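The values are calculated or read from the model by the stated rules, or taken from the named source; none is laboratory data. These numbers come from a predicted model, not from an experiment. We place every Cβ from the backbone using ideal geometry, glycine too, and count neighbours over all the protein chains shown.
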Amino acid sequence: MKLWIWSDVHNELQEVVYPPREQASDCDLIMIAGDLNAAPDLHLTLEFLIRRYEKPIIYVPGNHEFYQNKWMMNDRDRSLESDRQTIKAIEALSLQWPQQFYCLDADEVVIDNTRFIGASLWVDFLMKLPVKSDLPQRMWMARQMLNDFHAISMQEGKRFTPEDMLELHRSDAAYIRQKLAEPFDGSTVVLTHHMPHPDCTPPAYAGQEANFLFACGAEAFNNILHSEQAPDIWICGHTHHAFDVQIGRSRIVCNPYGYRWEQGRNGFRWDWVIAMD
């Protein structure tokens with residue numbers, strides 16, 4: 001099975017020139033690790049991609065899918081919770097398209113004896129935090145540094161907070177750990193938006209203060225990645241620099257398109273295909 005992997009295309013912010021069908025990579029599935037488009041317009045991008053390439057898409061939401069513009073009337077009633085429902089409903093729409101769309105928002109699908117487990121994941125703010133009692137200070141820093149806490153709303157207009165993110169992370173991480181603990185006679189691929197381990201941090205960002213906003217602390221998955229429960233492949237996004245690393249028994253990869261000004265400098269390739277054994 002051949003997986004065409006990419007993430008962080010950000011159609012909500014920029015026009016993207018996708019490869020024509022005849023120049024697209026030969027694959028069986030397209031794997032998109034989030035930040036594709038804002039939730040209300042996501043179905044348009046997904047239908048375009050499936051009609052262009054005629055391949056199934058497996059996807060997890062990023063954080064930018066939930067960004068709202070308070071100056072747009074249609075965005076004022078949106079919330080992270082309602083956007084998740086909007087995105088999941090695209091699965092039913094895709095039954096009318098040439099191939100199917102799978103949204104793995106704490107969900108799984110098995111295709112040709114390969115198990116795909118997915119969730120956004122978010123972060124726990126623990127990456128390389130020396131003293132766990134410093135977590136509240138870390139979360140305060142996150143609130144000042146990250147646009148998520150200004151651009152995302154929860155139900156009833158409540159602003160998205162670091163506490164909300166931590167709760168989402170704990171739920172998604174628990175789901176992934178639970179599924180990886182279930183025996184499966186075949187290959188396993190995990191798909192998340194956020195990075196699962198500090199060692200995923202690309203060298204280009206080494207030592208940056210904001211790195212804890214992109215990856216989980218080692219405690220989240222380090223034991224699993226070094227155990228028999230480890231997935232064969234873990235595909236992620238969120239960072240805007242490509243990488244391909246081995247952590248324990250898992251190969252962890254990221255192929256982010258990123259913003260236009262990053263093109264040619266972040267390692268993104270339209271032809272990155274992973275062949276499963």
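Some observations on this one:
- The number of residues in the stretch 159-181 being without any contact (Cβ under 8 Å) to a residue 24 or more places away in the chain and over 15 Å from residue 142 (Cβ atoms) comes to 2.
- If only residues of the stretch 141-155 that are within 15 Å of residue 68 (Cα to Cα) and touching a residue at least 60 places away in the same chain (Cβ under 8 Å) are counted, the one that is nearest to the chain's Cα centre (by Cα) is 148.
- The set of residues from the stretch 1-14 being farther than 16 Å from residue 63 by Cα, under 20 Å from the mean Cα position of the chain (by Cα) and not aromatic (Phe, Trp, Tyr) comprises 2, 3, 5, 14.
- From 35, 41, 28, residue being in contact with a His (Cβ under 7 Å, 6 or more places away or on another chain), modelled with pLDDT of 95 or more and either farther than 24 Å from residue 243 by Cα or not aliphatic (A, V, I, L, M) (or both): 35
- The residues of the stretch 98-134 that are aromatic (Phe, Trp, Tyr), over 24 Å from residue 277 (Cβ atoms) and part of a strand (DSSP E or B) amount to a single one, 101.
- Some residue of the stretch 182-201 being in a helix (DSSP H, G or I), under 25 Å from residue 241 (Cβ atoms) and either in contact (Cβ under 8 Å) with a residue 60 or more places away in the chain or of a type in the set (D, E, K, R) (or both): yes
- Flag for residue 137 being surrounded by fewer than 17 Cβ atoms within 10 Å (Cβ to Cβ), closer than 25 Å to residue 221 by Cα and not β-branched (Val, Ile, Thr): yes
- The stretch 6-65 - residue that is in a loop (DSSP other than H, G, I, E, B) and among the hydroxyl-bearing types (Ser, Thr, Tyr) and, of those, farthest from residue 277 (Cα to Cα): 18
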